[in-house]
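Here the structure comes first, spelled out in structure tokens, and everything after it is commentary.
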Amino acid sequence: MTRLSNTFAHLKKEGRAAFVPFITAGDPDMDTSFAILEKLPAAGADVIELGLPFTDPMADGPAVQAASVRALAAGCTTAKVLKLIEKFRKADKTTPIVLMGYYNNVHAYGTARFVKDVAHSGVDGLIIVDLPMEEDEVLRVPAKAQGVDLIRFVTPTTDDARLKRIVADASGYLYYVSVAGVTGTKSVPEEEVRAAITRIRAATDLPCTVGFGIRTPEQAAAIASIADGVVVGSAIVSRVADNIAHGKERVVAEVLELSRSLAGSTHAARHGKVPA
């Protein structure tokens, strides 16, 4: 059992969905980023998706793009992100961390070294946005050997034949992209998500989280009643941006306040009942 499988199994037993906040590592600086990261579990985070800053985050909307720009301007690097996670792991041995980014960072670092260092730092899973299923063996195989899951996407345009191929050797959990487009630019279509999750569950026993377009506690609750996890990113990184001028303590406090609200709605959505 891994941290990810343990977490989702525990949540399933309790009849609630996972709250999965996304923050960009190093945004707006390394110290503030760590102050947020270390407090997210106490604010209700069940799994944390940590963004690896990149100069051309093509799947991300304006909010997450801006977060990458801020982090890179503050001197964030892949090596510093892994040190950040190592520091987190000194105090937190249980909360899964999934590193989310683009393959250019992996390639530049060196795939074999990246996988080894990622595992050593305490990362549980990888989401590489621009590495499609047809090409992910280059990372998936060495990651699996190190005990790190490579999380795969399912989208609104994934047909049944492709879904079958996606789940065949997927691990960790699946990430359902609720809207066609980039992060944080559209509202999540609840009924379409419900139909998609039903179809995915017929194809695999892996947990399925939903992201893109979830910004409010009400939206989080709606998706938590359907899916195994709720991913919120743009709303959280926007809260960082909105409070930078007020200093580190204000940024941390605002992000944690929003996270607690989202987590509360996510955890309460099913009222202790596991969907059939």
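The values are calculated or read from the model by the stated rules, or taken from the named source; none is laboratory data. Predicted, not measured: the structure shown is a model, and the values here were computed from it. Here the Cβ is made from the backbone with ideal geometry for all residues, glycine too, and neighbour counts use every protein chain on show.
What the table shows:
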item: Answer residue from the range 98-118, given it is part of a helix (DSSP H, G or I) and touching a strand residue (DSSP E or B) at 6+ places or on another chain (Cβ under 8 Å) and is surrounded by the most Cβ atoms within 10 Å (Cβ to Cβ) among those; result: Val118
item: Residue under evaluation Arg201, criteria (1) part of a loop (DSSP other than H, G, I, E, B); (2) without any contact (Cβ under 8 Å) to a residue 24 or more places away in the chain, criterion not met; result: (1)
item: Any hit, the range 130-150, residues being among the aliphatic types (A, V, I, L, M), within 25 Å of Leu258 (Cα to Cα) and surrounded by 16 or more Cβ atoms within 10 Å (Cβ to Cβ); result: no
item: Top-ranked residue in the range 123-171 [being of a type in the set (Ser, Thr, Tyr) and farther than 24 Å from Ile48 by Cβ; ranked as modelled with the lowest pLDDT]; result: Thr157
item: Subset of the range 47-68 [under 26 Å from Pro207 (Cβ atoms) and either in contact with a Cys (Cβ under 7 Å, 6 or more places away or on another chain) or modelled with pLDDT under 90 (or both)]; result: Pro57, Ala59, Asp60, Gly61
item: Counted residues, the range 9-21 - those being farther than 12 Å from Ala263 by Cα and crowded, with 24+ Cβ neighbours inside 10 Å; result: 0
item: Some residue of the range 210-217 being β-branched (Val, Ile, Thr), buried (at least 22 other Cβ atoms within 10 Å of the Cβ), touching a helix residue (DSSP H, G or I) at 6+ places or on another chain (Cβ under 9 Å) and not in a helix (DSSP H, G or I); result: yes
item: Neighbours by Cβ (under 7 Å, 6+ apart or cross-chain): first from the range 236-257, of a type in the set (Gly, Ala, Ser); second modelled with pLDDT of 95 or more; result: Ala241/Ala66
item: Leu139 touching a residue at least 40 places away in the same chain (Cβ under 8 Å), in a helix (DSSP H, G or I) and at negative phi; result: no
